[in-house]
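Student: Have a look at this one before I ask anything.
Quick note: the coordinates plus some simple rules give every number you see, no bench work behind them. What you see is a predicted model, and the numbers here were worked out from it, not measured in a lab. We place every Cβ from the backbone using ideal geometry, glycine too, and count neighbours over all the protein chains shown.
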Amino acid sequence: MTYPLHCSCRLTLPQHATYMEKIRSRLESFRATVELQNETEFRLSWTFGWLSISRCDDQITVEGGATDATGLARIKDLLATAFKLYAKIDEPQIIWTGDHAHDQELAPFRLMEVEKVSDLSARIKRVRLHGSDLNRFEEFGNMHVRLLLPCSSVPDPIWPVAGPDGLTDWPDPARKPVSRVYTVRAIDTDASWVDIDVVTHGDSGAGSAWALSAKPGDQVGMFGPLGRPINRNAQHYIIGADETGLPALARLLEILPETATGLACIEVATQADVQPIENRTKINVEWLFRRDAPAGTSLALADRLIAEPWRNDLDCFGWFAAEDVAARRLRTHWRQNLGLTRDQTLAAAYWRRGVTGLMAG
Ligand SMILES: Cc1cc2nc3c(=O)[nH]c(=O)nc-3n(C[C@H](O)[C@H](O)[C@H](O)COP(=O)(O)OP(=O)(O)OC[C@H]3O[C@@H](n4cnc5c(N)ncnc54)[C@H](O)[C@@H]3O)c2cc1C
């Protein structure tokens, strides 16, 4: 593989010892190949590029290379996000040099237009968004995006650009759109569209209100992809979701191996919320109805997964996406009671009752 594009930056990080391992582990978790790892240096590679971090005392040198501009932007994004998350204590000022160093075009951002809106089930709207150059949204193995939505207080947002670190910069913070995370339910890069299935729960949330009033021609920003790739090579899966995790769960049933066995349990309000799912695996799909209980108040879904035996005789993977309390209950069971690791399970809070714009947990 040749990597014609190059980037680098230098940082002074006196407290690197307290967080560098977290940075390395985060970067590696994006399906990286470890090319080199010793006391003072590590180098990781992907199909689209590579990066290395080397250290001399508190001086850190970051180098990266990529096959094309999209890959280079991805390398910068992975690196800068990891430092932003874990190296706060040293306030790193990442300023890239090398190819595309002064580009203001924000690679993960696309301005999209609503093409059509349909009712998928009683509470879910399917919004098809049209845009250009969407390859990156299926290239990196992640399923989610951040929609940047106009709202009543900012009906005409100013869209983001890339700052010197390659991450998002807002030219006019007062005209920043509202941001909500959604799953790309389906994508067709040739026809240049993505489908997003939005749970509607009234006008109180900006995402829900946007979906309820969305019409062809409306503009919306899309940023991503986000999220971590999951283990697609396990033999047995125990997975569960409420309506917010249903788009991701449905996508998983389309991409997991045909031989995969296990349980996929989905919580919805009533029979009217059931939707057809193309299940190409041997995983059994169960629907669970919470009936009159408000969304996010029932623990029946988490308990159903807890009751499902974990198969130690098989390569088994657990995945869950729903309201925060349910996600925490299942995560505690998997991680603390069963002693399973991060590589074996992912139980994520996709929303939290009473909290606006939860990003993930
Ligand atoms: C990785 C990831 C992927 C996601 N994918 C999807 C997806 O594909 N489709 C989808 O619909 N959601 C998805 N979500 C969840 C979505 O981001 C949240 O539900 C978000 O809070 C919705 O924003 P909002 O503006 O409608 O409501 P907010 O402004 O965030 O919240 C307003 C109020 O509504 C409540 N609320 C939020 N969501 C719901 C809900 N679903 N039901 C009932 N009450 C709610 C909040 O608790 C709060 O009280 C995903 C979240 C993550 C982290």
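Student: Can you put Lys176, Lys88 in order, fewest other beta carbons within 10 Å first? Walk me through the numbers on the way to the answer.
Tutor: On the way: Lys176 16, Lys88 10.
Fewest-to-most Cβ neighbours within 10 Å comes out as Lys88, Lys176.
Student: Can you return the aspartates and glutamates within cross-link range of Lys22? Criterion is Cα-Cα under 19 Å, with same-chain partners fewer than 8 residues away left out.
Tutor: Reachable aspartates and glutamates: Glu35, Glu39, Glu41, Asp57, Asp58, Glu63, Asp77, Asp90, Glu91, Asp343.
Student: Another question, then. How far is it, in nm, from the label point at Lys116 to the one at Thr341 when both lie 7 Å from their Cα along the line to the Cβ?
Tutor: 4.7 nm
Student: Which far-off residues, 5 or more places away or on another chain, put their amide H under 5 Å from the one on Trp287, with H placed in the peptide plane?
Tutor: Here the answer is Ile266, since their amide H atoms fall under 5 Å of that of Trp287.
Student: Which of the listed residues, Ser192, Ser204, Pro150, is farthest toward the dipole's positive end in the chain, when Lys, Arg count +1 and Asp, Glu count -1 at the beta-carbon?
Tutor: It is Ser204, whose Cα lies furthest towards the positive end.
Student: By a straight-distance test (C-alpha under 29 Å), which lysines pair with Lys282 as possible cross-link partners, with residues fewer than eight away in the same chain excluded?
Tutor: Within reach: Lys125.
Student: Helix-derived [θ] at 222 nm for the chain: sum -39500 (n - 2.57) over DSSP H runs of at least 4, divide by residue count, nearest 500?
Tutor: Numbers: 7 runs with 66 residues, N = 361.
It lands at -5500 deg cm²/dmol.
Student: Of Leu72, Gly141, Ala101, which is farthest on the positive side of the dipole of segment 9-143, counting Cα position, with +1 on Lys and Arg Cβ, -1 on Asp and Glu Cβ, and the Cα centre as origin?
Tutor: So the residue furthest toward the plus end is Gly141.
Student: Also, quick follow-up: Just check segment 109-226 against the gyration tensor rule for me: Cα atoms, a ≥ b ≥ c as the square roots of the eigenvalues, rounded for a/c under 1.5, and otherwise prolate or oblate depending on whether a/b exceeds b/c.
Tutor: In terms of gyration-tensor shape, oblate.
Student: Could you give the nm distance between label points at Thr270 and Lys88, where each point is 7 Å from its Cα heading toward the beta carbon?
Tutor: The modelled label-to-label distance comes out at 4.4 nm.
Student: Would you mind checking which residues have amide H under 5 Å from His144's amide H? H placed 1.01 Å from N; only 5 or more apart, or other chain.
Tutor: Here Val184, Leu226 satisfy the definition.
Student: Could I have the simple spin-label model distance between Arg311 and Thr2, label points 7 Å from Cα toward Cβ, reported in nm to one decimal?
Tutor: The answer from the label model is 4.7 nm.
Student: Quote the Stokes-Einstein diffusion coefficient, in whole µm² s⁻¹, for segment 5-98, based on the Kirkwood radius over alpha carbon pairs, a temperature of 25 °C and a viscosity of 0.890 mPa s. Provide the component values of the computation, followed by the final result.
Tutor: Numbers: Rh = 13.1 Å.
Result for D is 187 µm²/s.
Student: Okay, next question. Under the rule a/c < 1.5 gives rounded, and otherwise a/b versus b/c splits prolate from oblate, where does the chain land using the Cα gyration tensor? The partial results should precede the final answer.
Tutor: On the way: a/c = 1.82, a/b = 1.27, b/c = 1.43.
Since a/c reaches 1.5 but b/c is at least a/b, the shape of the chain is classed as oblate.
Student: Which listed residue (Val181, Gly262, Leu36) has the Cα farthest towards the positive end of the charge dipole for the chain, taking +1 on Lys and Arg C-beta and -1 on Asp and Glu C-beta about the Cα centre?
Tutor: It is Gly262.
Student: Calculated FRET efficiency, Thr297 and Asp169, Cβ-Cβ r, R0 35 Å, to nearest 0.05? If you can, show how the numbers build up before the last one.
Tutor: Details: r = 40 Å, r/R0 = 1.14.
The value I calculate is 0.30.
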